[in-house]
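Below is one structure; the comments refer to it alone.
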Ligand code: NAP
């Protein structure tokens, strides 16, 4: 699914968290579309080396490393046309079980880092007079997934940041949108299911709640990112695009779901 009809050959694209999962799929599709990609993550993506792909080792929990990432990017590439804020971490806890340390860790990566990346990217894009930002939100930021309290909240924050940037910087030629994936087959969702008493049943249960009866593939999330970043989406800004197999469109009330053991 890496073939693409888009032409990003004139574009410089920064993707955070491109070492695996959704970020790796996004990076590979932009590279297939001819983009020059700057990939930021702590570990080196295993699909490298590839022409036009430049990995800058970055721990996004460290503000100094984010500033250094953008300094290097500006020196080497002279600017950035597309920013994909993809890196993120998940925490399976309710609010009452969440510690201050949990909050610090998750908020640094899921909120402070994308905020800092957006700030630097907007400053650069304003000078250029154009640019596109795609933030990876989540359906969990729209309707809360169970026991992912501050993760859900961080994604709702990402959606708010998206709308704020679109509102303030449309006049500078900058578009900003969010892609909100449903459960997608990556390390992140695998880790969540593996922590359940019956991982296979948990995965099957979540799949069944999607009208399309399955989870998303990372490449399907990537396709939405490419479209929103492309000139084909030239008048789309401030939007939250759920890529969820129809899940958030459908009612939670489903007479077909197995309710044995549930008190009625
Ligand atoms: P993943 O497989 O766990 O990959 C996470 C990526 O983020 C990795 O490339 C990782 O790179 C990077 N990352 C994490 N901490 C980092 C740090 N401190 N500094 C730099 N990079 C860091 O996750 P995924 O499923 O692909 O998720 C990608 C995005 O989609 C996240 O924002 C997630 O919240 C969102 N999302 C995922 C799902 C899902 O079901 N999978 C659903 C909705 C939304 P390194 O470890 O190499 O640093």
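Restricting attention to the range 9-24, report how many residues are surrounded by fewer than 24 Cβ atoms within 10 Å (Cβ to Cβ) and at pLDDT 95 or above.
Applying the first criterion (surrounded by fewer than 24 Cβ atoms within 10 Å (Cβ to Cβ)) to the range 9-24 yields 9-12, 19-21, 24.
After this cut, where a residue has to be at pLDDT 95 or above as well, the list is 9, 11-12, 19-21, 24.
Final tally of qualifying residues: 7.
Applying a threshold of 7 Å to beta carbon distances and a minimum spacing of six or more residues, or different chains, the list of pairs starting in the range 185-202 at a residue that is in contact (Cβ under 8 Å) with a residue 24 or more places away in the chain and under 16 Å from residue 244 (Cβ atoms) and ending at one that is near the ligand (Cβ under 8 Å from one of its atoms) and in a helix (DSSP H, G or I) reads 185/218; 186/21; 186/22; 186/218; 188/21.
Say whether the condition of being touching a helix residue (DSSP H, G or I) at 6+ places or on another chain (Cβ under 7 Å), within 14 Å of the ligand (Cβ to nearest atom) and in a loop (DSSP other than H, G, I, E, B) is met by at least one residue in the range 126-139. Within the range 126-139, one or more residues are touching a helix residue (DSSP H, G or I) at 6+ places or on another chain (Cβ under 7 Å), within 14 Å of the ligand (Cβ to nearest atom) and in a loop (DSSP other than H, G, I, E, B). Restricting attention to the range 45-67, the residues that are without any contact (Cβ under 8 Å) to a residue 24 or more places away in the chain, part of a helix (DSSP H, G or I) and surrounded by fewer than 14 Cβ atoms within 10 Å (Cβ to Cβ) total 1.
Does residue 42 satisfy being in contact (Cβ under 8 Å) with a residue 40 or more places away in the chain, over 20 Å from residue 222 (Cα atoms) and within 12 Å of the ligand (Cβ to nearest atom)? Walk me through how you get there before you give the answer.
Details: in contact (Cβ under 8 Å) with a residue 40 or more places away in the chain: no; over 20 Å from residue 222 (Cα atoms): yes; within 12 Å of the ligand (Cβ to nearest atom): yes.
When the stated conditions are applied, residue 42 does not pass them.
The range 147-264 holds helices (runs of 4 or more DSSP H) entirely within its bounds, and those carrying 1 or more residues that are in the same structural domain as residue 104 (by TED's automatic domain parsing), away from the ligand (no atom under 13 Å from the Cβ) and closer than 30 Å to residue 128 by Cα map to 149-169, 218-229.
The residues of the range 9-23 that are out of contact with any helix residue (DSSP H, G or I) (no Cβ under 7 Å at 6 or more places or on another chain) and either more than 6 Å from the ligand (Cβ to nearest atom) or part of a helix (DSSP H, G or I) (or both), listed by number, are 9, 10, 11, 23. Regarding the range 27-34, can at least one residue be identified that is surrounded by fewer than 22 Cβ atoms within 10 Å (Cβ to Cβ), within 16 Å of the ligand (Cβ to nearest atom) and closer than 23 Å to residue 137 by Cβ? Taking every residue of the range 27-34 in turn, none turns out to be surrounded by fewer than 22 Cβ atoms within 10 Å (Cβ to Cβ), within 16 Å of the ligand (Cβ to nearest atom) and closer than 23 Å to residue 137 by Cβ.
The values are calculated or read from the model by the stated rules, or taken from the named source; none is laboratory data. From a predicted model like this one, the values you see are computed outputs, not experimental measurements. Neighbour counts run over all protein chains shown; Cβ positions are idealised from the backbone, glycine included.
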